[in-house]
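Have a look at the structure below before the remarks.
The values are calculated or read from the model by the stated rules, or taken from the named source; none is laboratory data. Computed from a predicted model, the values in this text were never measured in an experiment. Glycine gets a Cβ as well: all are built from the backbone with ideal geometry, and neighbour counts include every protein chain shown. Just so you know, the surface numbers come from the protein's heavy atoms only, side chains and all, with ligands and any DNA or RNA stripped out. Shrake-Rupley method; radii C 1.70, N 1.55, O 1.52, S 1.80 Å.
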Amino acid sequence: MSRTGPSRGARTAPGREVLVSGAGIAGPALAFWLNRHGFAVTVVERAGTLRGGGYPVDVRGTALEVVRRMGILPRLRDAHIDLRRLTFLDGDGGEVASVAPHAVTGGVAGRDLEVRRGDLTDALHAAVRDDVEFLFDDSIDTLDRSGHGVDVVFRGGGRRTFDMVFGADGLHSRTRESVFGPEEQFHRYLGYCFAGFTMRNTFGLLRETVMWSAPGRAATLYAVGDDNDEVHAFLNFARPEPPFDAFRDPEAQRDLVTAVFADAGWEVPGMLAAMRDADDLFFDGVGQIRMPRWSRGRVALVGDAAYAPSFLTGQGSSLALVGAYMLAGSLAGRDHAAGFAAYEHGTREFVVLNQDQVGEGDAMLFPTTAGALEQRNDMLRNLGATPFAEGRPAHSALTLPEFTPMT
């Protein structure tokens, strides 16, 4: 276990010591705001260090105000990728249309941000690392909620008691499973799977995305830099039921994706070969988390653990940032029960509005029939290169309250 940040004796806040599980996006953002509201915060992360790199993520709408209030907006603007174009290809590799990315993502050119996931997590960690305790290479083993606090046993052998525990540990949250039950109760599978990995950029792509499409299948190459020698590769496909047997078996994942794309043309054969050798393969089903409540006792969830919207909406990072702000602020001056109730009351409508954007995303990106694909292509040909003047209303549907920090 590696430890960073203040030791337990660095500050005292009786009854206000809290644990956040997960050091991705929601976790450090929540830690930042909890610290501002007077909580002594510990963040535990099972990885040995922050995870760098990663695929690009969006920060849009209300979330832009969150990062502005955190003081990291200038750093994120410097890291903005600013893709130049999004090119769609047909099954033979011929160009269907080349459009401005914002024209199909619902973002706002010149205002919304797209950054590498690692750049966002680095900025969040830098904003909070001097004020909270980070425990890397460790995780929660058991939670005992029977007392006046939450007794935590860590996998590394440590034992501590916290006033509250927060699960910010992603779509497949272990905290959620431990406290609320199996994921299957809350997971809404959306009918797609995807494999993502990096490969050599032998295509001459610069700050652009190219997507090949056939009914129910898509292959995407995503170049996020001017001189980057790597591209992000994605292979997406429709599947009526989740491939449960493949989720914990990387070789089964590679075999499944290879079988689905076996007859595909364009650059797909090379992508399949690169996938075989990739050491960063990430495979999952596309789904949302929909829960009737985000808290139980002294444990609450935030970000994908509570309300993953799926990458089809492009709103996962933004919901995590906004949810972290709302959760911490709702607890200011309240006990856990009142604070959690205020968090749900103030945030749920915004979450649902953004989760409901999923129908727009899959219809545009991943048509499953030849007819739907041709309709999409006709729309793209008519769209041209003109982006939307404004983003989708759901992205900015919540006006952030002004919570008064303790510090």
Members of the range 360-374 found to be in a helix (DSSP H, G or I) and either modelled with pLDDT of 90 or more or charged (D, E, K, R) (or both), listed by number
E360, D362, A370, G371, A372, L373, E374
Just checking, does the range 69-83 include any residue being in contact (Cβ under 8 Å) with a residue 24 or more places away in the chain, under 30 Å from W212 (Cα atoms), open to solvent by less than 60 Å² (accessible area, probe 1.4 Å) and in contact with a Pro (Cβ under 6 Å, 6 or more places away or on another chain)?
yes
Is there a residue being small (G, A, S), open to solvent by less than 20 Å² (accessible area, probe 1.4 Å) and within 27 Å of H102 (Cβ to Cβ) anywhere in the range 266-278?
no
From A305, A300, residue being in contact with a Lys or Arg (Cβ under 6 Å, 6 or more places away or on another chain), farther than 18 Å from F366 by Cα and either modelled with pLDDT of 95 or more or part of a strand (DSSP E or B) (or both)
A305
Check whether at least one residue in the range 248-258 is outside any helix (DSSP H, G or I) and surrounded by 14 or more Cβ atoms within 10 Å (Cβ to Cβ), and report yes or no.
no
Going by the structure shown, is R290 closer than 25 Å to N354 by Cβ and of a type outside the set (F, W, Y)?
yes
Could you pull out every one of the strands (runs of 3 or more DSSP E) wholly within the range 161-215 that has 3 or more residues that are modelled with pLDDT of 95 or more and farther than 25 Å from Q253 by Cα?
164-167
Hey, could you check the range 37-59 for residues that are in contact with a helix residue (DSSP H, G or I) (Cβ under 7 Å, 6 or more places away or on another chain) and either acidic (D, E) or modelled with pLDDT of 95 or more (or both) and say which is most open to solvent (accessible area, probe 1.4 Å)?
D58
Is it true that some residue in the range 170-178 is among the hydroxyl-bearing types (S, T, Y), in contact with a Ser or Thr (Cβ under 8 Å, 6 or more places away or on another chain), open to solvent by 20 Å² or more (accessible area, probe 1.4 Å) and closer than 16 Å to V18 by Cα?
no
